[in-house]
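Contents: one structure, followed by commentary.
The values are calculated or read from the model by the stated rules, or taken from the named source; none is laboratory data. All of these numbers come straight from a predicted model, not from anything done at the bench. Cβ placement follows ideal geometry from the backbone for every residue including glycine, while neighbour counts extend to all protein chains displayed. Each accessible area value is taken on the protein alone, full model and side chains, heavy atoms only, with ligands, DNA and RNA left out. Shrake-Rupley method; radii C 1.70, N 1.55, O 1.52, S 1.80 Å.
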Amino acid sequence: MNVLVVAAHPDDEAMGCAGAVLTHVAAGDRVDVVFLTSGELGLATYPVEEARRVREDEARQAAGVLGFARVEFRRLSDGSLADDLAALTSEVAALADGVDVVYAPHAGDDHPDHAALGRAVAGLAGLEVLGYELWTPIARPDRFVDISDHMARKLEAIRCYRCQLEYWPYDRAIEGLNAYRGALFQGVAYAEAFALAAG
């Protein structure tokens, strides 16, 4: 199976669907990741090129933990994904050519880049599209993945994003969210929740 993770920013993939990624990798599936922006606004006090370098270096470290076959940076402007939804939809459709499953942020996320990407992937036809949780939990998830065996690696990947953890305890927040999903919906230690966007 060919799987594509599309992230608006470096760290979205680790927080939102790393457990599912590790499950796919363990099953022998090919999993690629594409970062549409380099998340440069996450280091607003840095010059843009330096912020991109730091965020991309951390993304490569996290990708090594998760076992992605390919890592690509599109370097669209951080904060701009909602500016031209038609162009974004076309770009994502081209990236998804030949893919069986796409993971992207769910369209109900409160961050404008996450929500725009979620809307862009919703129009993809002929493949399964699963929206993952980031800033805003999914109100009524369609699918859960037991990630209990992969939670330690997921946290290792999240902790590769040291520059972001200086500001927010994302590792603690995501561990709590995944424990909540696991306990209440699956009866397991940890689970990720997804919204079926297409497929």
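What the table below lists for this structure:
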item: Whole-number accessible area per residue in Å² for the chain, which is evaluated in the context of all protein chains at 1.4 Å; result: 43
item: Kyte-Doolittle at least -1.0, axis length at least 24 Å by Cα - qualifying DSSP helices, the chain; result: 48-66
item: Dipole magnitude (debye, nearest 20) for the chain, charges at Cβ of Lys, Arg, Asp, Glu; result: 300
item: Apportionment of accessible area to carbon and sulfur, the stretch 73-120, percent (1.4 Å); result: 46
item: Spacing of the two label points (7 Å from each Cα toward its C-beta) at V48 and R143, in nm; result: 3.6
item: Helix-only mean residue ellipticity at 222 nm for the chain, each DSSP H run of n ≥ 4 adding -39500 (n - 2.57), per residue, nearest 500; result: -12500 deg cm²/dmol
